[in-house]
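Undergrad: The structure's right below; bear with me while I get my questions together.
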Amino acid sequence: MKNLLKSIGLSVALTLSLTACTAANEAKNNVEASNNGITVTVNNSAVAFDQEPIIENGRTLVPVRAIFEALGASVNWDGDTQTVTSKRGSINIVLTIGSNMMSKNGKDIEIEVPAQTVNDRTVVPVRAVAEAFGCNVDWDNGTQTVVISETENTSNEINLNHTYTTRLSEVDKVTCPTFSFDYSDNWTITKEELHSDDDVREVTILNNNRGVTITYLECSINGEYGSVEAQYEILKAADSQFTPSYFETDSGFEDILGKFMVARVATVADKLARGDDDFIPFDIKVEQYAVLPQSCIGTAYGRALPGMYKVMSFEYPIEQYAFIASAPEGGFTDEERAEVVAILSSFREV
């Protein structure tokens, strides 16, 4: 069964792609506001800044790290080139201090106000960043608030009209959790396998017409192998319906695993297994999505197989479970991203 695990892992690895994108899209009207009276909210939550947002030439600029982290996007600073790089989904944004050009996936876009340094903090124009990420914002002139909201469809707006229920417990009469998830007409179940006495006990694979893959996997993972160690960046993309309850104790199993989320898992760098060589960052980070505990947010490491499953799976209560979405060449379309986030969000215990 190790060969099956390798085969599944290689298939997913070849389609690596670690949500829903949220960003700011400042209103185009002329805004009359004092430099220190502006509030920014992301999905109804106020963003805390250590440097007040400012207005220059009618455009609002906000501290880069605080706003990108509130949006769930990565942010990297290169002091040598005075460059800020941010990644969300398949979109990569690069801004340089003092430059009126912004790069989006390698294409230059002219912006009216450049990124700049204020009180030792880098601030960026909200509108330019928002439009690059393809998101929306409203301006509340009465409260001087930039109101940021998501633009992607939620699971309520996507017609998930089919339900799949895992089968191992019923078919093979074994004691294990049973899960369900919903999916739409755009997806087809292309693989179902049960192996109650093997390392991989159950695997179910869904595909859409373009080859995007959603994999459910229950398996036992013993050790790691493979010559390449990868670095992963894990961020929250959406809430999950899954609430741990199996083998619940008086304190509740959720006290052990915590709350779950749909996570965006970006593979950002790798290195060969040869001592203390530095990780080599990818020019374009590949993304996947997975159902994980919120405690996984941050940086993780694992060898190609089955370390990838260790990063993108959870133990419950003694087996490993994975529910992962991967895209060809590491990139989802906006529609695909919304659908996989909705499907993964619907994952729940029966």
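Undergrad: Can you sort 131, 287, 202 by how many other beta carbons sit within 10 Å, fewest first?
TA: Ranking 131, 287, 202 by Cβ neighbours within 10 Å, fewest first, gives 131, 202, 287.
Undergrad: In whole Hz, with x marking every Gly and Pro, tabulate ³J(HN,Hα) for the range 107-122 from phi via Karplus 6.51 cos²θ - 1.76 cosθ + 1.60, θ = phi - 60°.
TA: So the Karplus estimates, Gly and Pro as x, are 9, 6, 10, 7, 10, 6, 10, x, 4, 7, 9, 10, 6, 6, 10, 7 Hz.
Undergrad: Exposure proxy check: 45, 313, 326 ranked by fewest other beta carbons within 10 Å? Intermediate values should be presented prior to the final figure.
TA: Numbers: 45 10, 313 22, 326 27.
So the residues, fewest neighbours to most, are 45, 313, 326.
Undergrad: Let me ask something additional. What pairs from 104/236; 173/310; 87/271; 107/310; 104/191; 107/191 go past 30 Å between their alpha carbons?
TA: Checking Cα-Cα distances, 107/310; 104/191; 107/191 exceed 30 Å.
Undergrad: Could I ask something else about it? Taking the Cβ of residue 262 as the center, what net charge do the other residues with Cβ under 10 Å away carry, scoring Lys and Arg +1 and Asp and Glu -1? Intermediate results must be reported in sequence, preceding the final value.
TA: On the way: positive: 236, 264; negative: 239.
Charge balance in the 10 Å sphere: +1.
Undergrad: Using the Kirkwood radius over C-alpha pairs as Rh, can you work out the diffusion coefficient of the range 39-150 via Stokes-Einstein at 10 °C, viscosity 1.306 mPa s, in µm² per second?
TA: Using the Kirkwood radius from Cα pairs, D works out to 113 µm²/s.
Every read-out reported here was derived from the displayed coordinates using simple, explicitly stated rules and does not represent laboratory data. All figures in this text were calculated on a predicted structure; none of them were measured in a lab. Neighbour counts run over all protein chains shown; Cβ positions are idealised from the backbone, glycine included.
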